[in-house]
Structures are given as C-alpha cells and as structure tokens.
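Encoded as structure tokens, the structure appears first; notes follow it.
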Amino acid sequence: MFYKSIISFCLLTLVYSYFINKKQMLSGCQNQNQDNLIKAQNYLFEQKVAPKNVVIGTSLSCHLLSDSVNQLFNLSFNGSSIFDGLDIVLKSKQKPSRIFIETNYFFISKSELLSSQLYSPYSYFMAEHFKIFRWDNQPIGIFISNFNQIGYEIGQRHQRFVEKLKYKIGYRNTKTSPNNSLIFRYNLSEQVKFYSKFISKKDLNNKLRLLKFQLLKLQHYGVDVVFFEMPVHSSLINARLSLSIRRIFKSKVFEKYKFIPVDTIHNYITNDGIHLNEKDSYTYTNYFDSIYLNSY
Amino acid sequence: MLFTSFNFIILFISTFIIYYFPLFKRYQVTILILSSLIFYAFNSPWLLVLLFVSVLINSSLSYYIAFGGFKKKIVTLGVIFNLFILAFFKYSSLISVTFFNIHHSIGNFLISIPLPIGISFFTFEGISLLIDVYRSDKLVEEKMIVDTNLPKHIQKSLFFIVFFPHLVAGPILKANDFFSQIQAKKIIEVDFVSSFRFLVTGFFLKMVIADNLKEFTYWIADPYFKTHDTITLVSMLIGYSCQIFADFAGYSLIAIGLALLLGYKLPQNFNFPYVSVSFKDFWKRWHISLSSFLMNYLYIPMGGNRKGKLKMYIYLFLTMAIGGLWHGAGWSFLVWGAFHGILLIIERLVPKVANPNLIYRFFKRNLVFLCVTLAWLLFKLTNFSDALSYLIAIFTNYDLQLNWQICINILIYCIPVFMYHFFYLIKDYLFVKNIILRFEYVYIGIMLFLIFTNSGISGEFIYFQF
C-alpha cells in the first residue's frame, strides 16, 4: 500500500506538472491571503527581468490598476504593510529602477502570516524550482476558477428567479438600501475613530527607523524612491492622522525624496471609507499614470 | 510549534533518528521528554514553569496515594489543585469580565493572566493520574502506574503528560492506558503502514480541508455576515461544521500517527461523528477521549443513572454544561454544552422506534447534523447577540445576491468530509469491499498530491485555544 500510494502520488504530480507547464491555466486564486502570496511569488519567481517600476503599499494601493499602466508591478498586499513589499524587493535578486511607496498606513507592522508562508524554507525552495508548488497553480483553485463563470450565471438566474417569485406573490422590497451600506457606515465610523487618534510615538519612531533603514538599502542598490498618498473618504482627508502623516513625510528626513501630490481635483468614492470603488480606482490610476508619465 | 510547521518536521525527524539509534536505547523516554519540551516551549519557554509545577505536584501526590495513607484526602486535594490551576489561568478573564468593572484593579489583574497552551488537556491528565492510582485496588495494577522509586515515577509522569503528540490538543490520555506502554521500543515493531495512513489522512484533513475552509468561514463575523444571503449563510455554517471536524480530527489523526511511529498507541478520538443517528451516538464518536473522561470522572461519580431518572437528567445536563465550559472561557461555551445536554435529555424522553428503517435513519442523521452544526455557531460567534443575528439573517436575507464564490468553494472543500463519512457507512457492502477499498492507495496518493499542491494557509488548530 505504501509504495503504491507513493507511485500514485508521483504519477499525479508528473501529469499535473506537464499540464501546468504546457497549458496556460486560469489563476487558482481563491481568497485574499492567497492573492497576496500569488502576487509575491509572481514577483519573486515569474519575472525574468525586474519590472522598471514597483508600487508598494497596503490594501489601499491594491486599487491601483497596474495592468493599465506600462511597466508597473503592483506589489501591494491586502491586510499587510509596506514593509512586506519592501522586504520582497530587497530579497529579490533583481531590483527595479523605481519604487512608489504608499504613505497612508506606513506605520503598520509586517504581516507574520505572509512572511511565514512565503519564506518557509521548504515551500520557498519548492515554489522557486517547481511551478506546481506555487499558490497560483493549486489544482482545486484552478478547477473552481473554471466554475466561477458558470457560478456567476447561476447567481444571476437565482436572483432573477427570486425577483420573479416576489413579483408573483406581490412582495414589495421594503429595504431602502442593500445591507452593504450597513458595512459601509460601520467601516467608515471605525475609520473616523481611528483617524482621529495619534499613533503612539514609540511605534511611530520604530517604524520610521525601519523605513529609513530600508530606504538606505534601496539607495545602495540605486533604486529611485517616490512617495504617494492614496485618496480616502472626504471626511478622512484632513483628519488628525492624515495631517500628522503628511507632516512626517514633509520633514527634513524625507526632503530628498519625490512625492506624487495628493489629488485635490477629484472627489473620490470609496467602498468603506478607505478603499476606492471600481470606477474611482480607474480615475486614480489615470491620475497616477499622468503624473508618473509626466514627471518621473 | 505546529505539526504542520517546518520546524516541527525537523524536530520530529531528528527525534526519530536519535530515538531508535541503538546507542541511545536506554534513554528513549528522556529523548521523548526533551523533544516534547522543545515542542511545547519553542515560542514561549516560560510555559514550562507551570507545566513542571503541575507534573511535580501530580506525580508526588499520586506516589503518596499509592504508598502512603490518607488516600482520599490526598486525591481530593490533588483534584482541587488541578481545578484551581485550570480556573486561575483559564477562567480569570471570564471572572474579570463578568464580575468586575473595566477599571477595577482586580479585574485588570485577572484579565492580564496569560492562558498557557494545552492547560485544559494537561490538567485533565493530571486528574486522571491521581484518580486512576486511587481507584487501582489491585497491587499489580498499582505497580504498573506507580514505580516504587519516586524519581522514576516523576519521570514517567512527566513523560505521560508532556508526550508531544497529545500534549496541546489531546487525545486526553488515561494514566491506566499509557503507563503500561512505557518500555523500550524497537523500530522493527513499528506499524509504518497504519502510521502512514493516519498521517496522510490527518494532514489532508487539516492542511487541505480545514485550512482552506477557514478562508471562507472567516466571513461568519459581525457585521460581515449581514451582507450575505440565506444560501451563503447556510453554506458558511455547514462549512464551519466541516472545518472544525477536519481541523480537530485531522490533528488527532496526526497525533495518533506520530505516536505510532514512536511505538505508542493513542486512543481513537473521532469515529465518523457526522454519521450519528442520535446525540448520544454523536458524543460516543466526537472527541471520544473528552466524552469518556467526563463520563468516567464526572458523570458516573456524581451518580450517573443509579439515582433515578430525574437525577440522571440533572447530572447529564451538568456534565454537558461543564464539558462546554471546559472548551473556553466564555458563557457561550457553557450555553453550547447546556444545549447539547438538553438535546440528550429530550432524546431520552422521546420514545425509541423499535426497528428504524433507512429513511428514518437518514432523517435522524440529518437532524443530528443540523443541530450540531447550529450549535457550532456559538464557537464561532461567542457573542450571543451576534449568533442570534446570524440566525435571524438566515431567515431574512433571502433576497440578497447569492455569493457563488463562497458557496462553491465551501461545497468543494466539504465534499471530502462527507465522502469520508459516506464511505464509512457503506464500507460493509461487498461492492465497496471488492472494488473501492482495493484502490485505497489511489485515494492516499490523491490526498498526498493535494497536501503538496493544494494546502491552505496554515493556521493554528482550533482546539489549541481550549
């Protein structure tokens, strides 16, 4: 049984490996954490030549649509910090020419989850050398991706069926807005509370020290650094936290670095106070692209 | 340290090599103790202090129970000591939140007490050691557990409690069953095939099923669940039910497989619980080591079914409620246990069907699964109002958009759990015996393939928090 099982495993691995290397499969991404790992592994293992420009940020910058901007790799992670992205860039063999660093949440600590999954010695080695062991090539993930289109259609049909049924029985929807607005209000109020606070000096100094250290390393490799601020809900733009962060990045320490100015022309709409909605993600990407193309 | 971590694999391989190396044959127990201590205290060495205190007191008291006088008084003192340790470290935050103001100094002190990992398991094993020695009437049996040499007895007790496969999340061992196994082990006696089967199934359940389901059941959190429709909410609940099974049963199978490689047999902890046709049956199949511990050391000593029906129901209810509270320092766990207690009582009150047919058994299985799944909600949403809101949302959110992605992911990762149980049900049919079970190596091969290519993001085992 033992040997037969091992042979079955080897056969399956070989066959799957053949398919992964020969066929262009859909991405096997199934959730947010996996999405982060896929992005990191793509940056580390898939790039033959380092991308010219890399965006480093938190989930806010994930809304920068890098596929609509030339030679820009978005290495921003959901639920993580800028230090995760900086770490990956510094650990990769080839360095980009320019890095865009988001300032909004620079004080957030590194994600232990991301680094432990990414740099676990065994999985790092396997993912580096064998494509089938990368997060993007998970068989069940790929299988589900193929189903998603069908699923979307079923979802639409289910919705139409419910609507038809409601119409037939004379049901009138009394809800004035979808429940999503509840999440929006909840998240925005949480963000308003958060933005009205000061970050502890100790935490701030630790993160600044770390950032300066990483910037020195980047300077050593000849990487050009540009800072930028992602737009947030209008009630948060001039909140206490936003102002204090802007003050830090305007201080002497950062005066030698370039900044993409905050966009004051557009009034951005967010999903939860801090993350841009789909339409405004395009708007800000265009703004970012226009500044980046014109000035840098 | 997690069974699924790279550090653990290195620790286990090196332990295994040294353990069976002929030169160190005399030190096998010491080797396992050392490696268990590394396993337990890898991230927080301070945890060892409490563990050592617990072992030292339990082993000394059990020695004096065996060879000294005042047996009843000493055993009572020992049980009180273990319960005090458990209450102090585990329930201090609950006491603080319930009885003290946020700014009260005692409340602040109680809430600051850290929860040592695996405390519920090693204190219960301490109790088992004391009671088993006390109950051993025959000298022969007593000698098997308690060595006449005190340092040797302390060493054996330490090994019994810290043996790493079961230390942090069970199965809860009984001193009677384990002490008799402590002897020199040979590599040729190891049942590698069974161990391989346990390990592959365990790692598959944990790494492929539980760790992937975790990413989708994450949305059973306030206020996020409020935006999902009825089907998605029900799917997430079923997904959580499968996740908690895969997580804990997976851990237990890994523990059994690892112990087997080292020559020790740990008791079975799960016996296909979701095929249960009654709640009584469920508790004979789910976390068997805890159920039998509560039965032997709580329910029967309280009176069991010897003192009339009414008292039996009261004891049953109390046992289940205490068992619930054992799981966590929160009133929701108590309610969870009480809910199961009520279900067990109702079941006993309803007259039994003499010859249940297939349809009836199918209906009962689904009813038990539904109630058990519903009760798991209190594990995930420990705030009552949140749990209630979730149940209300199931009935009111039918007109929201279906989240297909969550539903299909949950469905696909639940299929192996249902198949695992289904195969158990049909295992006696000739067709299954002749065809399906003959190709067991194919399933093991597929599971192994998915462990390497489709594992989720590794997370702590759910039962670590208990």
Look through region B:428-445, keep the residues that are facing another protein chain (nearest Cβ under 9 Å) and aliphatic (A, V, I, L, M), and return whichever of them is farthest from B:A210 (Cα to Cα).
B:V442
Take the conditions of a type in the set (G, A, S), in contact with a Leu (Cβ under 7 Å, 6 or more places away or on another chain) and within 20 Å of B:E125 (Cβ to Cβ) and apply them to B:S35. Does it pass?
yes
Lone unmet requirement of (1) within 14 Å of another protein chain (Cβ to nearest Cβ); (2) of a type outside the set (A, V, I, L, M); (3) over 15 Å from the mean Cα position of the chain (by Cα) for A:S80
(3)
Where the second residue is in a helix (DSSP H, G or I) and of a type outside the set (A, V, I, L, M, F, W, C) and the first is without any contact (Cβ under 8 Å) to a residue 60 or more places away in the chain and under 15 Å from A:Y105 (Cβ atoms) and lies in region A:192-215, which pairs have Cβ atoms under 8 Å and are six or more apart or on separate chains?
A:Y195/A:R240; A:Y195/A:S242; A:K197/A:R240; A:F198/A:R240; A:F198/A:S244
Looking at region B:446-463, is at least one residue closer than 23 Å to B:R285 by Cα, of a type in the set (F, W, Y) and at the interface with chain A (Cβ under 9 Å from one of its Cβ atoms)?
no
Against the conditions (1) within 14 Å of another protein chain (Cβ to nearest Cβ); (2) in contact with a helix residue (DSSP H, G or I) (Cβ under 6 Å, 6 or more places away or on another chain), where does B:F333 fall short? Just the number, please.
(1)
Name the single residue that is nearest to A:S189 (Cα to Cα) among those in region A:265-282 being assigned to a loop (DSSP other than H, G, I, E, B) and among the hydrophobic types (A, V, I, L, M, F, W, C).
A:I274
I'm trying to understand the selection: among the residues of region B:213-225, which are in contact with a Leu (Cβ under 9 Å, 6 or more places away or on another chain), within 13 Å of chain A (Cβ to nearest Cβ) and buried (at least 20 other Cβ atoms within 10 Å of the Cβ)?
B:T217, B:F225
Residues being surrounded by 18 or more Cβ atoms within 10 Å (Cβ to Cβ) and more than 8 Å from chain B (Cβ to nearest Cβ): count how many of those fall in region A:1-23.
1
Does region A:24-39 contain at least one residue that is in a loop (DSSP other than H, G, I, E, B), among the hydroxyl-bearing types (S, T, Y), more than 8 Å from every other protein chain (Cβ to nearest Cβ) and closer than 26 Å to A:F83 by Cβ?
yes
Within region A:202-220, does at least one residue satisfy the condition of being within 23 Å of the chain's Cα centre (by Cα) and part of a loop (DSSP other than H, G, I, E, B)?
no
Against the definition (within 14 Å of another protein chain (Cβ to nearest Cβ), among the hydrophobic types (A, V, I, L, M, F, W, C) and either part of a helix (DSSP H, G or I) or under 22 Å from B:G202 (Cβ atoms) (or both)), how does B:I410 come out, yes or no?
yes
Those residues of region A:50-75 that are part of a loop (DSSP other than H, G, I, E, B) and among the aromatic types (F, W, Y) come to a total of 0
Identify, please: which residue in region B:165-212 is over 29 Å from B:M236 (Cα atoms) and hydroxyl-bearing (S, T, Y) and is, among those, surrounded by the fewest Cβ atoms within 10 Å (Cβ to Cβ)?
B:S180
Going through (1) surrounded by 15 or more Cβ atoms within 10 Å (Cβ to Cβ); (2) closer than 20 Å to A:V89 by Cα one by one, A:P231 fails only at (2)
Out of all the residues in region B:430-444, is one or more in contact (Cβ under 8 Å) with a residue 40 or more places away in the chain and of a type outside the set (D, E)?
yes
How many residues does region B:47-100 hold that are among the charged types (D, E, K, R) and buried (at least 17 other Cβ atoms within 10 Å of the Cβ)?
1
Going through region B:156-198 one residue at a time, which ones are of a type outside the set (A, V, I, L, M) and over 25 Å from the mean Cα position of the chain (by Cα)?
B:Q183, B:K185, B:K186, B:E189
Anything in region B:262-304 that is at pLDDT below 90, among the small types (G, A, S) and more than 19 Å from B:W336 (Cβ to Cβ)? List them, or say none.
B:S292, B:G303, B:G304
Kindly indicate which of B:L173, B:L213 is touching a helix residue (DSSP H, G or I) at 6+ places or on another chain (Cβ under 8 Å) and not in a helix (DSSP H, G or I).
B:L173
For region A:211-224, what are the residues that are closer than 12 Å to A:L90 by Cβ and aliphatic (A, V, I, L, M)?
A:L215, A:L216, A:L218, A:V223
Residue satisfying condition, being in contact with a Phe, Trp or Tyr (Cβ under 9 Å, 6 or more places away or on another chain), closer than 22 Å to B:I254 by Cα and not β-branched (V, I, T), within set B:L150, B:L199, B:L167
B:L167
Considering only region B:363-379, I want to know if a residue exists there that is closer than 29 Å to B:L173 by Cα, among the small types (G, A, S) and under 23 Å from the mean Cα position of the chain (by Cα).
yes
In the set B:L358, B:L377, B:L370, the lone residue that is at pLDDT below 90 and either away from chain A (no Cβ under 14 Å) or surrounded by fewer than 21 Cβ atoms within 10 Å (Cβ to Cβ) (or both) is B:L358
Please work out if B:I256 is surrounded by fewer than 23 Cβ atoms within 10 Å (Cβ to Cβ) and at pLDDT 90 or above.
no
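Condition check ((1) at the interface with chain B (Cβ under 7 Å from one of its Cβ atoms); (2) closer than 18 Å to B:L213 by Cα) across all residues:
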| site | (1), (2) |
| --- | --- |
| A:F107 | no, no |
| A:S120 | yes, no |
| A:I132 | yes, no |
| A:F147 | yes, yes |
| A:I150 | no, no |
Residue check, A:F198 surrounded by fewer than 14 Cβ atoms within 10 Å (Cβ to Cβ) and at pLDDT below 75
yes
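The values are calculated or read from the model by the stated rules, or taken from the named source; none is laboratory data. Note that the structure is a prediction, hence the values are computed from the model and not measured. No Cβ is skipped: glycine too gets one built from the backbone with ideal geometry, and neighbour counts run over all protein chains shown.
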